[in-house]
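Have a look at the structure below, then the notes.
Taken together, the values in this text are just the output of simple stated rules run on the coordinates, not laboratory data. Not measured: the values here are computed from a predicted model. Because the Cβ atoms are built from the backbone with ideal geometry, glycine has one as well, and the counts that use them run over all protein chains shown.
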Amino acid sequence: MPEYDQSPERSTRNSERTRAAVLAAAAEAMTDRGTGVSLDYIAKHAGVSKGGLLHHFPNREALIVALVDDAQQQLRDSVLQHLDLTENRPGKLLRAYVRAMTSGADATLQYFTAAPSWAGIYQIPKVSEITAADTRWWNENLAADGLSADRILVVRRAAEGIAAAVAYGDEPPSSAERARTLLLHLADGGELASHDV
């Protein structure tokens, strides 16, 4: 008779995989069908039972909170993966932010394409709390990056606008590539030349 690994480590890995599968299925389902999509539908698309889903997320609100938290963490991870630690000059984090926003990475695209279908979720107190904490984290860390608040504001929001436009299909990916060069220049303390405007 074969032996099965019943160690706590294996159980934890299985639980993490199940949780990740539920979050991925929920993100896709809520993007396609809105936040009112049934938990049965999400469980089926995650390949788990409804009981398995409820084991990780006891109700719809807990699932939505986890989705928002996960989306914010994936976006932060994507930015940190674009961080170039050899850049020993102001704007290092802002340049990583620009690279992530203009990379076409799944985390970035999902973050922006899911947003419209999640209308109303910010009325959930826990969602508001984690969103406010995430906003504080970005504001504090970008401010500590050594650039002026005005430069950070313009470059950050322009990068987000490009990412959203590409995610919604309003701009081709080549627009993100062109914008990346200009935004990285601005995030490096450069000025706009007359031929850039």
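Computed quantities for the displayed model
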quantity	calculated
Residue among VAL127, VAL65, VAL154 with the largest mean-square fluctuation in a Gaussian network model of the chain, springs linking Cα atoms under 10 Å	VAL154
Kirkwood-based shape ratio for segment 119-197, expressed as Rg/Rh from alpha carbons	1.06
Stokes-Einstein D (µm²/s) once Rh is taken as the Kirkwood radius of segment 16-83 over alpha-carbon pairs, at 20 °C in 1.002 mPa s	176 µm²/s
Counting all C-alpha pairs of segment 56-114, share separated by more than 13 Å (%)	63 percent
Cα lying deepest toward the dipole's positive end in the chain, options ALA26, SER78, ALA143, charges on Cβ	ALA26
Extension reserve of the GLU140-SER49 stretch, reckoned as 0.36 nm per residue once the Cα distance is removed	28.6 nm
Set of lysines with alpha-carbon distance to LYS126 below 25 Å, sequence-local pairs under 8 removed	LYS50
Cα-based radius of gyration of segment 63-163 once divided by 2.2 N^0.38 Å, which approximates compact folds	1.09
Equivalent ellipsoid dimensions for the chain as semi-axes, Å, which come from the Cα gyration tensor, largest first	36, 19, 16
